[in-house]
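Q: If you scroll down you'll find the structure; I have some questions about it.
The values are calculated or read from the model by the stated rules, or taken from the named source; none is laboratory data. Every value quoted in this text rests on a predicted model; they were computed, and no experiment measured them. Positions of Cβ are backbone-derived with ideal geometry, glycine not excepted, and every protein chain shown enters the neighbour counts.
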Amino acid sequence: MNDTRSLATPMNIALRCLLAVALAAGLAAPLWAADAPPAAAASDAASAPGSAAAGAEGSATRSLDERIQDLKKDVVDLNKDLFMLEEELLFPANTQVAVFVSMDVGDFFALDSISLKIDSHEVSNYLYTPREVTALLKGGVQRLYVGNLRSGQHELIALFNGKGPHERAYRRAASVRFEKGVGAKYLELKITDHQRAQQPEFEIKDWE
């Protein structure tokens, strides 16, 4: 599996801890207030009609639910910002290289795994689940690898494993030489069907 998608930095961990503390502190006050109202308020509620008390309780519950939903949204937004910041710190544009995978049709090839080598060094070995393959066949694009490379000439080799025509084991390789410049470099592994030959085709596209 590619481990670059699950890296955690100390800053990320610290921010998550601070967020958890903030959430706990923010929720403690309304929950305490709802569970233990002041004596005077409790006395007034006891003397008020039952319908009024029920309405007030329902309003307080809705208010608390709304606050919880707002906090959840803030957590999601913050997590996205942290992920983007982590990506920028770990893989700056001047050294970043990313490899994507796409599939078309898939009548002549059932994907099992892809291995990647850059300059003869293995950088990724990914095993696919049926659900992931289905997502690719529906038009999804997967980021298989992201890493850092110095500027200059490099070679990418992709090894595809799966089942080909007539359910036979199928193993093919594709390679490309590319130039890593100042900006980020993006490469795409494309798996398509050659209808006339009734064979799968494997291509590596360099996004200029």
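Q: Restrict the check to segment 179-199 and report whether at least one residue is in contact (Cβ under 8 Å) with a residue 40 or more places away in the chain, surrounded by 13 or more Cβ atoms within 10 Å (Cβ to Cβ) and more than 27 Å from the chain's Cα centre (by Cα).
A: Yes, the conditions are met somewhere in segment 179-199.
Q: Restricting the search to segment 155-178, which residues are surrounded by 16 or more Cβ atoms within 10 Å (Cβ to Cβ) and either farther than 23 Å from F108 by Cβ or among the hydrophobic types (A, V, I, L, M, F, W, C) (or both)?
A: Matches in segment 155-178: L156, I157, A158, L159, F160, A174, F178.
Q: Are any of the residues in segment 192-202 aliphatic (A, V, I, L, M) and closer than 16 Å to F100 by Cα?
A: No; the residues of segment 192-202 include none that is aliphatic (A, V, I, L, M) and closer than 16 Å to F100 by Cα.
Q: Can you tell me how many residues in segment 155-170 are closer than 20 Å to S102 by Cβ and out of contact with any Lys or Arg (no Cβ under 9 Å at 6 or more places or on another chain)?
A: Total meeting the criteria: 1.
Q: Give me a count of the residues in segment 169-178 that are farther than 21 Å from S120 by Cα and without any contact (Cβ under 8 Å) to a residue 60 or more places away in the chain.
A: The number of residues fulfilling the criteria is 1.
Q: While we're here: Going through segment 111-133 one residue at a time, which ones are loosely packed, with under 13 Cβ neighbours inside 10 Å and either of a type outside the set (G, A, S) or not assigned by TED's automatic domain parsing to the domain that holds E188 (or both)?
A: Correct list: D119, H121, E122, L127, T129, P130, R131.
Q: Tally time: how many residues in segment 94-110 are closer than 14 Å to K185 by Cβ and either outside any strand (DSSP E or B) or among the charged types (D, E, K, R) (or both)?
A: 2
Q: When you look at N148, is it out of contact with any strand residue (DSSP E or B) (no Cβ under 6 Å at 6 or more places or on another chain) and either at pLDDT 90 or above or among the aromatic types (F, W, Y) (or both), yes or no?
A: Considered against the rule, which asks whether it is out of contact with any strand residue (DSSP E or B) (no Cβ under 6 Å at 6 or more places or on another chain) and either at pLDDT 90 or above or among the aromatic types (F, W, Y) (or both), N148 comes out as yes.
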